[in-house]
Amino acid sequence: MRDVLALILSGGGGEPLGVLCDERAVSALPFGGKYRVIDFVLSNCCHSGLTRVGVLAQHSPASLNDHIGAGRPWDLDRRNGGVTILQPYQTRQHTGWYRGTADAIAQNWDWVEEHRPERVLVLSGDHVVRMDYRPLIAAHIQRDAAVTVAVTQVPAHEAHRFGMVQIERSGRIKSIEEKPQRTEAGLANMGIYLFETERLAEMLRARPVDMVLDVLRPQVAAGHRVFAHEFTGYWEDVGTVASYYRSNLELVRPHPRLMLHDTRWPILTRDEERPPVWMGDHASVDDSLIANGCRVEGRVRRSILFPGVHVGPGAEIHESIVMADTHIESGARVDHAILDKYVKVGIGAQVGLGDGTDAHGLEWLAGLTVVGKDTWLPEGAQVHRPSCIGVGGRYEDLPGNELPPGSIVRSRRWYEEMTR
């Protein structure tokens, strides 16, 4: 696969994910108990034999830089090839920030040309997918395609979230509709594109902004050889609170669609040096994923705990996602919630009270309580759902020690603490 260069688009700010992506890109979002979203695409590259990878990062790239490093977990710490993180920069010729997906590639075209690939594989770093890219590449070559677009079946009620593709019997793409409210197309654009390098260079000379609107659709309309490659394996766009929560909780089913323990296609990541899980005398765990470094003294049901979570005596976690180094004190209860890292839930506090149905104007929360990182919830606090507490929430954000359903608490910035 030395003739193929992979470019991973990881600049998304993840606005529909709210406080979960206030200070991180979607691709850096924790997933599945020990991974980051981008781990899945990087693992696919490793297992597919792609050894030259560029990661185009823009929104809050610090955690992404720290996580990827030199690429060693994915066998990408190489002298020839390997992984390079490409962030926006400004010169007399460059404008700085990426204006869109196509512009991000155009601004780094000099780096692409240095590697002289025959083909460029463009991947989305915001999706959880387990995919061998070699069949797509083989089909592209066999068809003598200018562009090949990976597509997959999605339910009709989800079509409005995706670019929907209509194809001919030969597999050639007839049309691409971007997030249509109604459509007869059943195949979604997965955000995976294989280009002939010379053709892509020609497309980028006009400095397009968006890969779909300014590159793919004009190519289809002009009658060029743009083909679809249908994929039937696991693929999930985790760009909303609902899809992120659902796809995580699917992992604790008896037979999940995504098999994390399949040794034939392991998901590789930067492992944290944490001690084994410790279970107290009265601990109880049912249908859950518990990462290293966790200390469980209470009850955990159908939930996912990331490294270093502490569940105190008598505390209970139910159908929730709890990220790294969060402390749930004794007697507290967390129900149908997403807690970011470094959250502290005080003694006897209750997070996720109610049934989450009072969601007028907050449908994006999917009936959940979402708590941003570094939040401290005081002893006896009552947080109803749906609600959202921003990064760095404090006790004064809960008048009377209670947050009613439908509440949104804005994030605190580090400099606000200094000026108090």
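The values are calculated or read from the model by the stated rules, or taken from the named source; none is laboratory data. For clarity, every value in this text was computed on a predicted model and none was experimentally measured. Please note: Cβ atoms are built from the backbone with ideal geometry, for glycine as well, and neighbour counts cover all protein chains shown. Just the protein is used for accessible areas: all its heavy atoms, side chains included, with ligands, DNA and RNA removed. Shrake-Rupley method; radii C 1.70, N 1.55, O 1.52, S 1.80 Å.
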Looking at the structure I just gave you, is residue 357 more than 30 Å from residue 63 (Cα to Cα) and either of a type outside the set (D, E, K, R) or surrounded by fewer than 20 Cβ atoms within 10 Å (Cβ to Cβ) (or both)? yes
Going residue by residue through segment 142-157, is there one that turns out to be over 10 Å from residue 228 (Cβ atoms), part of a strand (DSSP E or B) and free of Cβ contacts under 8 Å to residues at least 60 places away in the same chain? no
Pairs only if they're at least six apart or on different chains, beta carbon under 6 angstrom, first in segment 270-290 and of a type in the set (Val, Ile, Thr), second open to solvent by less than 70 Å² (accessible area, probe 1.4 Å) and in a loop (DSSP other than H, G, I, E, B); list them, first residue then second. 277/294; 290/277
Which numbered condition in (1) modelled with pLDDT of 95 or more; (2) closer than 27 Å to residue 397 by Cα; (3) outside any strand (DSSP E or B) is the only one that residue 357 fails? (1)
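Here's the yes/no breakdown for (1) over 21 Å from residue 249 (Cβ atoms); (2) within 22 Å of the chain's Cα centre (by Cα); (3) part of a loop (DSSP other than H, G, I, E, B); (4) among the hydroxyl-bearing types (Ser, Thr, Tyr):
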| residue | (1), (2), (3), (4) |
| --- | --- |
| 313 | yes, no, yes, no |
| 342 | yes, yes, yes, yes |
| 347 | yes, no, yes, no |
| 388 | no, yes, no, no |
| 396 | yes, no, no, no |
| 408 | yes, no, no, no |
Please work out which one of (1) open to solvent by 20 Å² or more (accessible area, probe 1.4 Å); (2) more than 13 Å from residue 148 (Cβ to Cβ); (3) in a helix (DSSP H, G or I); (4) at pLDDT 90 or above is the condition residue 243 fails and give its number. (1)
Of everything in segment 43-79, what is open to solvent by 40 Å² or more (accessible area, probe 1.4 Å) and of a type in the set (A, V, I, L, M)? Give them in sequence order. 62, 70
Long-range neighbours under 9 Å by Cβ, at least six apart or interchain, first residue among the hydrophobic types (A, V, I, L, M, F, W, C) and crowded, with 20+ Cβ neighbours inside 10 Å within segment 9-26, second at pLDDT below 85 and in a helix (DSSP H, G or I): 21/15; 25/63
Got at least one residue in segment 5-28 being in contact with a Pro (Cβ under 6 Å, 6 or more places away or on another chain) and of a type in the set (A, V, I, L, M)? yes
Quick one: count up the residues across segment 8-67 that are out of contact with any Cys (no Cβ under 7 Å at 6 or more places or on another chain), within 15 Å of residue 372 (Cβ to Cβ), part of a loop (DSSP other than H, G, I, E, B) and of a type in the set (Gly, Ala, Ser). 1
Does residue 280 fit the bill of being open to solvent by 20 Å² or more (accessible area, probe 1.4 Å), modelled with pLDDT of 95 or more and either over 17 Å from the mean Cα position of the chain (by Cα) or within 18 Å of residue 333 (Cα to Cα) (or both)? no
Determine, yes or no, whether residue 347 is crowded, with 20+ Cβ neighbours inside 10 Å and either within 24 Å of residue 387 (Cα to Cα) or touching a residue at least 12 places away in the same chain (Cβ under 8 Å) (or both). no
Single residue of 194, 268 found to be at pLDDT 95 or above, hydrophobic (A, V, I, L, M, F, W, C), part of a loop (DSSP other than H, G, I, E, B) and surrounded by 12 or more Cβ atoms within 10 Å (Cβ to Cβ): 268
Subset of segment 158-180 that is among the basic types (Lys, Arg) and assigned to a strand (DSSP E or B) - its residue that is most open to solvent (accessible area, probe 1.4 Å): 174
Looking at 237, 210, 262, 287, which one is surrounded by 13 or more Cβ atoms within 10 Å (Cβ to Cβ), modelled with pLDDT under 95 and over 19 Å from the mean Cα position of the chain (by Cα)? 210
Check 153, 166 and return the single one that is polar (S, T, N, Q) and over 19 Å from residue 223 (Cα atoms). 153
